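Participant: Before anything else, here's the structure in question.
Only the coordinates and a few stated rules stand behind these numbers; no lab work does. Worth saying up front: this structure is predicted, and the values here are computed from it rather than measured. Counting neighbours? That spans all protein chains shown, and the Cβs are built from the backbone with ideal geometry, glycine included.
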Amino acid sequence: MAGARVELFWLPLGAGGRSVRFNGRVYEAAVAAIDRRSRAELYHSALEVHVHGARYVIEMAPAFGRRSGRGVVGGGAVGSPLLRRTRLFRYEVRCWRDGVIPDLAEAVESPCRLTHDPAVAQRVVDLVPLTPTPTWGRDELHAGEMWNSNSVISWVLSSAGLDASAIAPPSGGRAPGWPAGIAVARRQASAVLPSPATTQVLAH
């Protein structure tokens, strides 16, 4: 189908929000010290999918206000499962038709076009409601790393048959949680949908 595509956007962690950016820097400083390496810029990922004449924004974001109008298809707790019922400590997974990516103007080395295949693009959209929703910031799925917004995106891409392991954040940056989504998708592949052959992402 003409115009079908899946595009990935890398947004600096906390773009538009000073407290989130500050907390992210504190976290990265601590992790870098433990790993004995230099600090890196942290990135949050989101997708924009064009297929069958429609455009969808796919991402994890904090829950707020009413659920209608943002394409919310799932959600979970932030920090602790005990806080799941408190909206301040919840996230939502969105597959938002004609939606917007907040702070898109701050995206770095984006968009990264991953595929033009309409079948793959449709699989990406179809898989979003099936995304695992463990507690944000914890490794409840035993993937070796915490679950977060990047995990959602890499899980969806991997489950749709794209080689998410070949996708890297902007130069000098890190995308915490990205490997977790890939690990869980590989483990669940046969149980979610018939496993498509892996599709290489487009060169950027």
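Participant: Mind giving me the nanometre distance, one decimal, between the label points for Arg186 and Arg138, set 7 Å out from Cα along Cα→Cβ?
Facilitator: Modelled inter-label distance: 2.5 nm.
Participant: Here is a further query. Could you check the spin-label model distance between Arg113 and Ala54? Points 7 Å from the Cα along Cα→Cβ, value in nm.
Facilitator: Output for this residue pair reads 2.3 nm.
Participant: Here's a follow-up. Check Leu42: other-chain or 5+ apart residues with amide H under 5 Å from its amide H, H built from backbone geometry?
Facilitator: Leu13, Arg174
Participant: State the dimensionless ratio Rg/Rh of segment 109-151 (Rg: radius of gyration of Cα atoms; Rh: Kirkwood radius). Please list the in-between numbers first.
Facilitator: Working: Rg = 13.6 Å, Rh = 12.5 Å.
Checking Rg against Rh, the ratio lands at 1.08.
Participant: What is the extension gain from Phe64 to Asp103, computed as 0.36 nm multiplied by their sequence separation minus the C-alpha to C-alpha distance, in nm to one decimal?
Facilitator: Values: separation 39, 0.36 × 39 = 14.04 nm, distance 1.70 nm.
The span from Phe64 to Asp103 would gain 12.3 nm if fully extended.
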